[in-house]
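Scroll down for the structure; my scribbles are underneath it.
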2 protein chains.
Amino acid sequence: MVPRLAPRCPVRPFPWQVACSAGAFVRQSTCVGASRTPVWGRLHGVQGTTPLVRRGSSSTSSQAPGVALTCERYPVRRLPFSSVSEDDLATFERIIPGRVITDPEELAASNVDWLRTMRGCSKVLLKPRTSEEVSHILRYCHERNLAVNTQGGNTGLVGGSVPVFDEIILSTALMNQVISFHNVSGILVCQAGCILEELSRYVEERGFIMPLDLGAKGSCHIGGNLATNAGGLRFLRYGSLRGTVLGLEVVLADGTVLNCLTSLRKDNTGYDLKQLFIGSEGTLGVITAVSILCPPKPGAVNVAFLGCPGFAEVLQTFSTCKRMLGEILSAYEFMDAECMQLVGHHLRLARPVQESPFYVLVETSGSRAEHDAEKLSSFLEHVLGCGLVTDGTLATDQRKIKTLWALRERITEALSRDGYVYKYDLSLPVDRLYDLVTDLRARLGPRARHVVGYGHLGDGNLHLNVTAEAFSAALLGELEPYVYQWTAGQRGSVSAEHGVGFKKQSVLGYSKPPEALRLMQQLKALLDPRGLLNP
Amino acid sequence: MVPRLAPRCPVRPFPWQVACSAGAFVRQSTCVGASRTPVWGRLHGVQGTTPLVRRGSSSTSSQAPGVALTCERYPVRRLPFSSVSEDDLATFERIIPGRVITDPEELAASNVDWLRTMRGCSKVLLKPRTSEEVSHILRYCHERNLAVNTQGGNTGLVGGSVPVFDEIILSTALMNQVISFHNVSGILVCQAGCILEELSRYVEERGFIMPLDLGAKGSCHIGGNLATNAGGLRFLRYGSLRGTVLGLEVVLADGTVLNCLTSLRKDNTGYDLKQLFIGSEGTLGVITAVSILCPPKPGAVNVAFLGCPGFAEVLQTFSTCKRMLGEILSAYEFMDAECMQLVGHHLRLARPVQESPFYVLVETSGSRAEHDAEKLSSFLEHVLGCGLVTDGTLATDQRKIKTLWALRERITEALSRDGYVYKYDLSLPVDRLYDLVTDLRARLGPRARHVVGYGHLGDGNLHLNVTAEAFSAALLGELEPYVYQWTAGQRGSVSAEHGVGFKKQSVLGYSKPPEALRLMQQLKALLDPRGLLNP
């Protein structure tokens, strides 16, 4: 069974999506290199959304006005890699005929990250379809000393998905085939460029769900999810990708194809090499195919959206939740009042409950609707009765569930409309999680437009965001290293799920000891001795 | 909070345990090096168990009669490591005073594996208490070119826990401190030598459970569990240790202490180094401490023990189970009729249901007893009604649950009493899982005493065991490489959860391609360039 996840326009394309001549979602070679704005959130074509035009798109300008070149904004130096020559282009054209993109207009979108804070100046975008093609490309780049930046859906938030200088962009967009799906075990094997939302749809039609879900699902590639060890909204229930991913196929820097694409739940024959590549952000090899275990689709899903009078109550509601909902609890997300104001203001999403200092989204997923309803109703009665929650709304039908989830999932989008965004993704002890937000509000005062906190409370993961009119080195100086020092003081992590990318490289030392950093460098030297991959 | 998991005698010591003068369970320095027979199964002092005296124990003979030296049975050659000198012993004595064991009587048990199929001739056993001591020892061994074999509970089944020649045995037995436990998040941080069953008891008293459980729980160390990436009985529900382990502290071959002992659910700052050591069986470093996420203790646990008329029905019952029990299903184990005969014959455990070709153990764990009971009763009605199951018994109280689990957990012990055991631990597609057992019975005929199949069906994991009067090279020749070839033909794994150890080194190629084996060798060379750890 080798079904194709055919590139197709969604029924209701996202309103702020920039269209290319062949349609915004077309990923075929007729429209290669088309600018695609990542699709965030579950609500396609939601009412009241105003269009956010991606300024760096092909329809505007290849120079991506407003986005400074990374090499101008940051003090970085290009390493002595070769530059792409006409001969190189001719070789690539022989390897992947018709899929070597050099048109500056078409390249522009792939040079700029989704947040529009990073811009590279790559001159060529390659779109292989198979692992063999990737292997040929990398072998050639290795011989020629050409640096390569692998790009999935370009939805990353730390500048890891775009070139810094003129690295070749290796896109997985055309590697979008499902290789196999086992209807009993739920094991999916697919190419790395499959879009998460399309995979979700594919497995849901067969009675399963993907073990991960995130706001960028409409654009992000499963290979990118693995390369960045994405967390997301189902982490609380289904755990880390390190447990649910069964196998990987990876092309190493020298072009060697490493086939660890097993579909076994257990395999203790030697070192688990795939783990090296999960979360290594394309620096050790290019993930070309994935084998992943999908959990059965729950028979009943419910979402409660609640208002809490304080952060202490958010925490107590979480403890109560774990105790009373037990095995059916599948998400526990929180957002503060400013987040709600932003999604209301910029996206016109209506607040579904009374105004509160904090909001919580609780999702349950179970196999028997009446049991889940009973558990949830006992829980809601309890938390409302004892004042942990002051107002709430419950959704059991798919449409309302999506509407409630959109409030949480589209915060990133609302923030990006609020100005320049300084983003932090921190792991902290849950009881201190929100203190940093309050602290920063006082510290920054009116220099920040908004300081907001939201995230996966169940995983101890805070998304801390500060918006301002424009990028300012002075404001950055107020934020960093303060935020990292504060986090290190709590023995937290300075990147919980977003990864390191370009932006967090220099702050690894806040979360990792020197011995660990040294071993990481040794691994990089072992697997990519010339340092060509995402340099 | 630094509580001590004080070594203490259990209330009802296991009857076939060999006692040392200070009591079979004492692990203090007053009794260091005492022979401890691994404690298998949940049933301590179960009625009708006959004593199995460990022949190689300190109470019998240091020569471990009946167990051939590994270097005599197998064609292996000692590498040019140094031999332990008097000066070395004096140095060790300075590092860990009073915990350098050289008495041959005391060393005997640590030189022989639990299955009594491997015997090394180490002349010294070291018992550090801290990571710093381990670091000093390894730094010294690195300088002196002395090979080291790390030993936890010595319950491994593939000869990985005992020396092959005269490697120094580095025991984690005295590294048995709980470092911290967080009562809200359930995150446990402890030293590597804590015994799994004692940790289970510790966290259960605080409302949590360990995310893994296995037959050897009474002896195995958590560090050994991680070093071998143990699967076990809770894998189906709580998944791989690669997801539930949050952090590790590891001492590298040169004595460097690598502190990745984070207690964060998410941390994407650089490569996830701990994954290198999980499942690497002590060949890349010595795990000295562990941070692990414990799930909440379920409010209700039920176990059903069922008889099935054929293997097809075992599979169909599993599918039905997944559908009808959903999120509360926590184990699905199967065993064949010969397994039941062996536990009946050797351990005098009574068969709880009518005689059947196959038996299945289904465990549910949920947060609300009445909901679980309803789900389980609908399931049982259905499978009995349609003939998938011909007889069954249900346990809801702790005592009966233990009795039923013992039937499954003590198969290993029953087999070891049946003669010499050829053990295979395979991952296979579930629908072909049992074919190999039938095939081998026909192939071996009366040359085998028993050919049995059992295991974690829910994980596609078959434990295939063949017993015979004694070790026979001819019978081994019938079994290998046949079993491995058969498994490779199904794209299975030749070691699902038991690991590689000494016995499976040569068969890795059946489950891993040459590129993967080469990378494993490179990693070993990077982390342990002199090849001193478990050589």
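The values are calculated or read from the model by the stated rules, or taken from the named source; none is laboratory data. The structure presented is a predicted model; accordingly, all values stated were derived computationally and were not measured. Positions of Cβ are generated from backbone atoms using ideal geometry, with glycine treated the same way; all protein chains shown enter the neighbour counts. The accessibility values were calculated without ligands, DNA or RNA, using every heavy atom of the protein model including side chains. Shrake-Rupley method; radii C 1.70, N 1.55, O 1.52, S 1.80 Å.
Take B:Arg351 and tell me if it is within 14 Å of another protein chain (Cβ to nearest Cβ), among the basic types (Lys, Arg), open to solvent by 10 Å² or more (accessible area, probe 1.4 Å) and free of Cβ contacts under 8 Å to residues at least 60 places away in the same chain.
Working: within 14 Å of another protein chain (Cβ to nearest Cβ): no; among the basic types (Lys, Arg): yes; open to solvent by 10 Å² or more (accessible area, probe 1.4 Å): yes; free of Cβ contacts under 8 Å to residues at least 60 places away in the same chain: yes.
So B:Arg351 does not fit the description; no.
Look at segment A:494-513: where a residue is in contact (Cβ under 8 Å) with a residue 60 or more places away in the chain and within 7 Å of chain B (Cβ to nearest Cβ) and a partner is among the aromatic types (Phe, Trp, Tyr) and part of a helix (DSSP H, G or I), sitting 6+ places away or on another chain with Cβ atoms under 7 Å, you get A:Val494/A:Tyr484; A:Val494/A:Tyr510. Among residues of segment B:411-449 being in a loop (DSSP other than H, G, I, E, B) and in contact with an Asp or Glu (Cβ under 8 Å, 6 or more places away or on another chain), the one that is most open to solvent (accessible area, probe 1.4 Å) is B:Arg449.
Scanning segment B:506-530 for residues that are surrounded by 15 or more Cβ atoms within 10 Å (Cβ to Cβ), at pLDDT below 95 and over 19 Å from A:Glu249 (Cα atoms) returns a single hit, B:Val507. Name the single residue that is modelled with the lowest pLDDT among those in segment B:467-480 being surrounded by 14 or more Cβ atoms within 10 Å (Cβ to Cβ) and among the hydrophobic types (A, V, I, L, M, F, W, C). Across segment B:467-480, the extreme among qualifying residues is B:Phe471.
Tell me which residues, restricted to segment A:159-189, are in contact with a helix residue (DSSP H, G or I) (Cβ under 9 Å, 6 or more places away or on another chain) and within 13 Å of another protein chain (Cβ to nearest Cβ). Talk me through it step by step, then tell me what you get.
Taking segment A:159-189 and keeping what is in contact with a helix residue (DSSP H, G or I) (Cβ under 9 Å, 6 or more places away or on another chain), we get A:159-165, A:168-172, A:174-176, A:178, A:181, A:184-186, A:188.
The answer is A:Gly160, A:Val184, A:Ser185, A:Gly186.
Restricting attention to segment A:310-333, does a residue exist that is in a strand (DSSP E or B), more than 18 Å from A:Thr364 (Cβ to Cβ) and modelled with pLDDT of 95 or more? No, because not a single residue in segment A:310-333 is in a strand (DSSP E or B), more than 18 Å from A:Thr364 (Cβ to Cβ) and modelled with pLDDT of 95 or more.
A:Leu199 falls short on exactly one of the conditions (1) within 30 Å of A:Leu89 (Cβ to Cβ); (2) touching a helix residue (DSSP H, G or I) at 6+ places or on another chain (Cβ under 8 Å); (3) crowded, with 24+ Cβ neighbours inside 10 Å, and that condition is (1).
In the set (1) open to solvent by 40 Å² or more (accessible area, probe 1.4 Å); (2) closer than 19 Å to B:Gly215 by Cα, the condition left unmet by B:Tyr359 is number (1). A residue that is part of a helix (DSSP H, G or I) and of a type outside the set (Asp, Glu) can be found somewhere in segment B:123-133.
Quick one: count up the residues across segment A:222-239 that are polar (S, T, N, Q) and farther than 17 Å from A:Leu188 by Cα. Write out each step before concluding.
The first filter runs over segment A:222-239 and keeps only residues polar (S, T, N, Q), leaving A:225, A:228-229.
Among the residues that remain, those that are also farther than 17 Å from A:Leu188 by Cα are: A:228-229.
Residues in segment A:222-239 being polar (S, T, N, Q) and farther than 17 Å from A:Leu188 by Cα: 2 in total.
Suppose the filter is facing another protein chain (nearest Cβ under 10 Å) and either open to solvent by less than 10 Å² (accessible area, probe 1.4 Å) or out of contact with any Phe, Trp or Tyr (no Cβ under 8 Å at 6 or more places or on another chain) (or both); does A:Glu327 pass it? Criteria met by A:Glu327. For segment A:305-316, the candidate set comprises residues that are crowded, with 22+ Cβ neighbours inside 10 Å and either at the interface with chain B (Cβ under 10 Å from one of its Cβ atoms) or of a type in the set (A, V, I, L, M) (or both); within that set, the residue that is farthest from A:Trp405 (Cα to Cα) is A:Val314.
Which members of segment B:499-535 meet the condition of being under 22 Å from B:Asn149 (Cβ atoms) and of a type in the set (A, V, I, L, M, F, W, C)? Full working, then the answer.
Taking segment B:499-535 and keeping what is under 22 Å from B:Asn149 (Cβ atoms), we get B:499-508, B:520-521, B:523-535.
Within segment B:499-535, B:Val500, B:Phe502, B:Val507, B:Leu508, B:Met520, B:Leu523, B:Ala525, B:Leu526, B:Leu527, B:Leu532, B:Leu533 meet the criteria.
Quick check on B:Lys297: is it of a type in the set (D, E, K, R) and either at the interface with another protein chain (Cβ under 9 Å from one of its Cβ atoms) or closer than 19 Å to B:Gly223 by Cα (or both)? Please lay out each step first, then the result.
Details: of a type in the set (D, E, K, R): yes; either at the interface with another protein chain (Cβ under 9 Å from one of its Cβ atoms) or closer than 19 Å to B:Gly223 by Cα (or both): no.
It is false that B:Lys297 is of a type in the set (D, E, K, R) and either at the interface with another protein chain (Cβ under 9 Å from one of its Cβ atoms) or closer than 19 Å to B:Gly223 by Cα (or both).
Which residues, counting only those in segment A:48-95, are modelled with pLDDT of 60 or more, in a loop (DSSP other than H, G, I, E, B) and out of contact with any strand residue (DSSP E or B) (no Cβ under 7 Å at 6 or more places or on another chain)? Reasoning before the result, please.
Restricting attention to segment A:48-95, the residues satisfying the condition of being modelled with pLDDT of 60 or more are A:66-95.
Then drop every residue that is not in a loop (DSSP other than H, G, I, E, B), which leaves A:66-69, A:74-85.
Residues satisfying the conditions are A:Gly66, A:Tyr74, A:Pro75, A:Val76, A:Arg77, A:Arg78, A:Leu79, A:Pro80, A:Phe81, A:Ser82, A:Ser83, A:Ser85.
Evaluation of A:Val483 against the conditions (1) within 11 Å of another protein chain (Cβ to nearest Cβ); (2) open to solvent by less than 20 Å² (accessible area, probe 1.4 Å) shows that the sole unmet condition is (1).
Condition check: open to solvent by less than 30 Å² (accessible area, probe 1.4 Å) and not assigned by the TED database to the domain that holds A:Ala216. Does A:Lys127 satisfy that? Spell out the reasoning first.
Details: open to solvent by less than 30 Å² (accessible area, probe 1.4 Å): yes; not assigned by the TED database to the domain that holds A:Ala216: yes.
Taking the combined requirement at face value, the residue satisfies it.
Does A:Gly224 qualify as being closer than 13 Å to A:Thr150 by Cβ and in the same structural domain as A:Tyr271 (by the TED database)? So A:Gly224 fits the description; yes.
Can you tell me how many residues in segment A:386-410 are outside any helix (DSSP H, G or I) and within 29 Å of A:Glu469 (Cα to Cα)? Let's see the steps before the verdict.
In the first step, residues of segment A:386-410 are kept if they are outside any helix (DSSP H, G or I); the result is A:386-397, A:410.
Still in the list and also within 29 Å of A:Glu469 (Cα to Cα): A:410.
The number of residues fulfilling the criteria is 1.
A count restricted to segment B:365-402 and to residues that are closer than 30 Å to A:Lys322 by Cα, surrounded by fewer than 21 Cβ atoms within 10 Å (Cβ to Cβ) and either of a type outside the set (A, V, I, L, M) or not assigned by the TED database to the domain that holds B:Phe334 (or both) stands at 10. For segment A:283-294, the set of residues classified as within 13 Å of another protein chain (Cβ to nearest Cβ) and open to solvent by 10 Å² or more (accessible area, probe 1.4 Å) consists of A:Thr283, A:Leu293, listed by residue number. Among the residues of segment A:197-244, those that are away from chain B (no Cβ under 14 Å) and more than 21 Å from A:Ile411 (Cα to Cα) comprise A:Glu198, A:Leu199, A:Ser200, A:Arg201, A:Tyr202, A:Val203, A:Glu204, A:Glu205, A:Met210, A:Ile222, A:Gly223. Output yes when any residue across segment B:245-252 is on the phi > 0 side of the Ramachandran plot, more than 9 Å from chain A (Cβ to nearest Cβ) and touching a strand residue (DSSP E or B) at 6+ places or on another chain (Cβ under 6 Å), and no when none is. Taking every residue of segment B:245-252 in turn, none turns out to be on the phi > 0 side of the Ramachandran plot, more than 9 Å from chain A (Cβ to nearest Cβ) and touching a strand residue (DSSP E or B) at 6+ places or on another chain (Cβ under 6 Å). Number of residues in segment A:258-296 that are of a type in the set (Gly, Ala, Ser), touching a residue at least 40 places away in the same chain (Cβ under 8 Å) and over 15 Å from A:Val245 (Cα atoms): the value is 2.
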